[in-house]
Structures are given as C-alpha cells and as structure tokens.
C-alpha cells in the first residue's frame, strides 16, 4: 500500500477510478479502523457500491457515539456533586467536542482523567454506581500492577451494560521515561455543556493524541493514528495552530507534537505544519522512528523490522528493564489463546 | 461479465479467487471472495455451480471474504483455513478440508455484522405466490430441514440463514445460499431432495457432521423477487414431543424476532419500525414438533385455517 492512500482517506485526493484499486483502498481503511472516517471525508464517490459500504461504516460509528454519549451521561451522574473534575479523553473527547476527528470514528471504551488526589474517590463513586473490576484484570497481580505502575486504574466494567471505563490519573505510565504536565492541562480544561464533565482545551487534545501516538505503546493502528492527528490539526483555528508549539513546550509534550506535525507536514503535505515541526525539532531527529512509522503504516517489505523496532521502543519507553522483563515473562507464561470458545454469532 | 459459475473455466476461477477478484452476485449482495484452497474450489464448483459469478469486479462490494491460513506455518504444516471478513472477529481456524464450512461461516459473519441496509434476522425463509414464511430459531431446531422440506413442496427457497427485512417497506429480500445441514438432518434432507443436491459431507467439524444442499436453479432465477411475509414461525424440534402450534400476538412476535436479529440494536429505531411493519402484516406462531412431517402438517393446518392469508 502506498502512503498516498492516507490522503485519499481524509478526502484530499479522489478515490481511484480503477475498481480493484478502489477496493484495496477501502479494505485498507477497513482493516485499519478508519473506514468510518473515510466515509465522512470522501465526498460523493460515483462508483457503484461505495455509498453502501460507507453507509454501513457511518451507521456503526453513529451507534458507538450514541452508546458513548449515554455512558458519559451515566459517569457524569455517578460523579455529580462530588467536585471531581473528570476530563474525557481521546475518542470520547472528540465526540463531545464534535470534532471532525470524531466523524465516523469507532469508539468502545470511555477514558477519563482525574487529578491523582481524586483517584480513590472517583473509583469509589463509580463502584457505587455499579462499575466493577473487569474480569480479565480482576486478579491480585494485575490490580497491583496497574496501581503501582500504570497511568490508569485497572479497567472497570459496568455490571449490567458491560461497558468499560478507564480512569486515568496521568497520560503516561508512572514508570514511563517521559512526563507530561497533566496538572497544567487540567487547569485549562473546558466543561462540556449538558454534562458535569470536561475535556482538555483543543490544543491539549491534539497534544495528548500526539503523546499517545508516539510515547505510549507501539503504534498498533498507525494509519488510524496518522489520520486522527491530521483531522485534529484541521480542526484547530489559525490562532490555536500558531500557539501549538509554545503550548506543547509548556506541558512537556513538544517531542510528541513535533512528531505529529512532521507527519501532518510530510504525509499530508501541509507546509505550515512542516515549518512548525522544524521549529520544535530538527528534521534529522527521530529518523528511525519516522522510517519505522511509515513502514508499519504502508506495511511494506521491511515492515517486520519496523514492527520489531516499534515494539522494543514502546516497551523501552514504558518502563525500566528491571520491571519490564519480569512482567513480560509472567504475561507470557500466563498467556492463553484469546478465544477458545466459539463466537456467539449466527453460523451455519 | 456475469455468467454462471459452471460456465467458467476452472483455472480462471482458481486464478480469480487467488487474486481476490472472484465476485459472486446473489440477491441484494455482491460478494468478493479470495482463497486458494482446492477444497474451496471443489465446493464452489459443485454447490455454487448455478450462481452468477464474475471474474473481475465491476463495482465495490459490501461483502468481502478472504479465506486464508491463520498464520504462515499453517499454510504448509497441517494446513488450516480461517475466514477473514475484513474486520476483526473471533473465528476458529479449521483444517483445510473444511474450507467449505469456513467459507459459509465467513459469508454469514460478513452479512450478519456488516450489512446495515436491511434488518437481518437469523431465520430460514421460503415463499410462494401468497407470500413468505419466516422460520426463526436457534441452530438445531430443525429450521434448515423444514426449509428444505417446504422448498420440496413447491415453495421457493428464499434463504436458509437470514431474513433480510427492507427498512422501508418490510419486504423480504431473497438470499438463497445453500442450505446448511447438520448431523441427522443430512440424511433426512437427502431423502427429500435427492443425493445429487447434497455436497460431500464434512465430518468432525466443530458443529459435527455438515453438508450443504444446493439451491435449485429455479429458485436462483427468482433471487431478485422480493416478497411480503405472511407467516412468522418459531419452530422448536424436540424428539418425541406431541405437535403443537401456539398463536403469538404481535408483541410476542416482535420480542422473539429482536434477539434473533444480528443488527437490530445497531440500526435502532428504523429497525424497530420495520420489524413492527413486518409483524403487522403476518401471523406468528410458535411450533413444537418431533418429526418433519408433523411440522409440515402444522404449517398446512395453519394455512388452511385461513390464518396465512
């Protein structure tokens, strides 16, 4: 797959005229979980069948959003009057703010962030409102592991609705090599009308997306990440864009934001973003990361090395070796095939 | 160009499947299928011989299925196949010889989870001039046997797996894929339709013994004609039970159809309206029976009582 496919997905170039090529673009978008975004960004494709495929994807995302808004309502109710300032993160925030990045985006779990001193109280309030520890991580080791090392509580699952909420107190694990100043981000958080909930200000939403992309994990869905950064950037006003670099430095997210801007400049051809990226970070920096990122995204010939590099890098950034190694070993020994039970679906 | 599968050269079909250009047109769907295994090709050549097939897609299709080895090892060592409908879904890898099962399961997954143009209800559907009969039931309730038996009585087979309910007018769209037969029903249906129409049985699958009954050419020719539902049945097979039909009121019928739908909650209100419209135009019954003859008799009785008008 060529990198230009991403431009097509965000609607900056036309869907190929050739049917097989169009199909491969659509398949690529689908397997990278950005078919919904593509459905909203592509204008009026003339090819027969495309509209049906797009409508399916839009409907699915719309359903997700309905569920998510309902969940937000429930969380808001659970925390009502407690004085806890709960900030909705990631997909939830895009939906709550009506960002372009939310259009067609699938969302499943709700992520919220609270100040660390509010963490215990938030957990108790949610538990009182019927959220319980998720079965998969409801064991002594995982519970302790999350609480000691992670940036979030072990996931909570609602008893009757089955929906999952992740309660964060930071944006990166406690053990991570980089720190982001969450307190500063919380200070400028913006309330969401109708709910007693907040989101970060748009600049910080972009910065968090960048941090999440480049300093947390191994870029599991690189195409989605890149498209998301591009769409979030498009939604910033000119004034906000001008202030982005300064803000990124303030909250300690400049490296991540520089990478994000490099992507928007290089992959999507935005000259302004390129210039900003250069201001934050010399173009020769992070060459390996940039190469690996592109390679994994296009799934090219050397993508296996790219994936290996990103895997190692992700874990290196996540925690020190003396913590990481015993943890991975334990996970490997305790590993079970994901699904031993047949799926509960209509089958012949 | 779309012609019957059997009229294509076998090598061309194999090559189209390999390149992911094999397009099967059936009812409201176009399916783009890729796969390389010989068992799949044999199966398609036999059971899908009368279906419209093109070797190059002319437009984009909603239903995409790739039958591939779950990992590179399984391509060579004790080869396995697993259906990939283009989105993440838990599937069980199967030995290569069970490729037909992987194909049918994959197709069902695709339709069930992808398609939002219809309310999809897990049900067998047959129809005649008066209208369609929907038989909604869990696996193992004799729905497929019943569909095959009714098809033998002159009904045309609409679908063995899904009732596709139009969101606007609640009309049913035909989708006659082969009838999937399990365990004892293989012999029962073989007696009804003749051995020629039954595919080579697969034994030892996760669902036990499995075979597929080919859809008649006549039914396939009519696979574009919609029909209105006149009867909604919830059959339940239980060995030795005395046959009984219980009439359901519309509310009961709706409440039984909803959990049988694969996309009801996704579609929301439009699906509710369509199901309501469907139930209002048809009569609904719950059937209990111990033999296929009993179920056919029950259906004939219901029709004779004028309920099926």
Fill in: Sorted largest first, extent of segment A:1-48 alpha carbons per principal axis (Å)
22, 20, 17
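Can you give the Kirkwood hydrodynamic radius of segment A:263-308 from its Cα pairs, in Å with one decimal?
For segment A:263-308, the Kirkwood estimate is 11.3 Å.
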Worksheet entry | Largest-first principal axis extents, alpha carbons of chain A, Å | 57, 55, 47
Fill in: Whole-Å semi-axes of segment B:118-304's equivalent ellipsoid (Cα gyration tensor)
25, 19, 16
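Ranked highest first by the average count of other Cβ atoms within 10 Å around their residues, in what order do A:26-38, B:2-14, B:72-84 fall?
Details: A:26-38: 23.3, B:2-14: 13.9, B:72-84: 15.8.
Output ranking for A:26-38, B:2-14, B:72-84: A:26-38, B:72-84, B:2-14.
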Worksheet item: Using a basic spin-label model with each label point 7 Å from the Cα along Cα→Cβ, how many nm lie between residue A:21 and residue A:108?
Response: 3.4 nm
Discussion item. Given 25 °C and 0.890 mPa s, compute D for the protein assembly as shown with the Stokes-Einstein relation, Rh being the Kirkwood radius over Cα pairs; round to the nearest whole µm²/s.
Written reply: 90 µm²/s
Response to the item:
In whole angstrom, the spacing between the Cα centers of segment A:68-135 and segment A:249-283 equals 30 Å
Discussion item. Of the candidates A:66, A:160, A:199, which one comes out as most mobile in a Gaussian network treatment of chain A with C-alpha springs shorter than 10 Å?
Written reply: A:160
Worksheet item: When chain A is modelled as a GNM with alpha-carbon springs shorter than 10 Å, which of A:39, A:292, A:22 fluctuates the most?
Response: A:22
Worksheet entry | Debye-sum result for segment B:3-114 in log10 I(q)/I(0), which assumes one identical scatterer on each alpha carbon, at q = 0.10, 0.12 Å⁻¹ | -0.25, -0.37
Worksheet item: Ranked by Cβ crowding within 10 angstrom, fewest neighbours first, how are A:150, A:259 ordered?
Response: A:150, A:259
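Is segment A:194-316 rounded, prolate or oblate when judged by the Cα gyration tensor, a ≥ b ≥ c being the square roots of its eigenvalues, rounded requiring a/c under 1.5 and prolate requiring a/b larger than b/c? Show your work: numbers first, answer last.
Details: a/c = 1.83, a/b = 1.46, b/c = 1.25.
In terms of gyration-tensor shape, prolate.
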Worksheet item: Hey, could you pull the Cα Rg and Dmax for segment B:126-209, both in Å?
Response: 13.6, 43
Fill in: Helical mean residue ellipticity (222 nm; -39500 (n - 2.57) per DSSP H run of 4+; nearest 500) of chain A
-17500 deg cm²/dmol
Response to the item:
Answer check: segment A:63-124, Cα atoms, Kirkwood Rh, Rg/Rh ratio of 1.00
Discussion item. Restricting to Cα pairs below 8 Å that are 6+ residues apart, what does the relative contact order work out to for segment A:5-331? Please round to a whole percent.
Written reply: 15 percent
Worksheet item: Points 7 angstrom from Cα along the Cβ direction at residue A:324 and residue A:243: gap in nanometres?
Response: 3.7 nm
Fill in: Spatial separation of Cα centroids for segment A:287-308 and segment B:56-89, in angstrom
24 Å
Item to complete: Stick to the Cα atoms of segment B:95-152, pair each with every other, and give me the Kirkwood hydrodynamic radius in Å at one decimal.
Response: 13.3 Å
Worksheet, complete the sentence: Between the modelled labels at residue B:2 and residue A:51 (7 Å from Cα along Cα→Cβ) the distance in nm is 1.8 nm
Worksheet, complete the sentence: Rounded to 0.05, the calculated FRET efficiency for the beta carbons of residue A:120 and residue B:73 at R₀ = 45 Å is 0.40
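To check you understand DSSP bridge types, tell me what percent of the beta bridges within the protein assembly as shown (both residues inside) are antiparallel, rounded to 5.
70 percent
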Worksheet entry | Rounded, prolate or oblate (a/c below 1.5 giving rounded, otherwise prolate when a/b exceeds b/c) for segment A:74-187 by Cα gyration tensor | rounded
Worksheet entry | When segment B:53-171 is reduced to its Cα atoms, the Kirkwood hydrodynamic radius in Å | 16.3 Å
Discussion item. Based on alpha-carbon centroids, what's the gap between segment A:167-241 and segment B:120-150 in Å, whole number please?
Written reply: 51 Å
Fill in: Computed [θ] at 222 nm, deg cm²/dmol, chain B (DSSP H ≥ 4; -39,500 (n - 2.57); rounded to nearest 500)
-9500 deg cm²/dmol
Item to complete: Springs between alpha-carbon atoms under 10 Å, Gaussian network over chain B: tell me which of B:39, B:57, B:90 tops the mean-square fluctuations.
Response: B:90
Item to complete: Take every DSSP beta bridge whose two residues both sit in chain A, then give the antiparallel share in percent to the nearest 5.
Response: 60 percent
Worksheet item: Taking the radius of gyration and the Kirkwood hydrodynamic radius from Cα positions alone, what is the Rg/Rh ratio for segment B:26-81, to two decimal places?
Response: 1.03
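Rule-based calculations on the coordinates, nothing more; no lab input. Just so it is clear, the structure is predicted and the values come from calculations on it, not from any experiment. Positions of Cβ are generated from backbone atoms using ideal geometry, with glycine treated the same way; all protein chains shown enter the neighbour counts.
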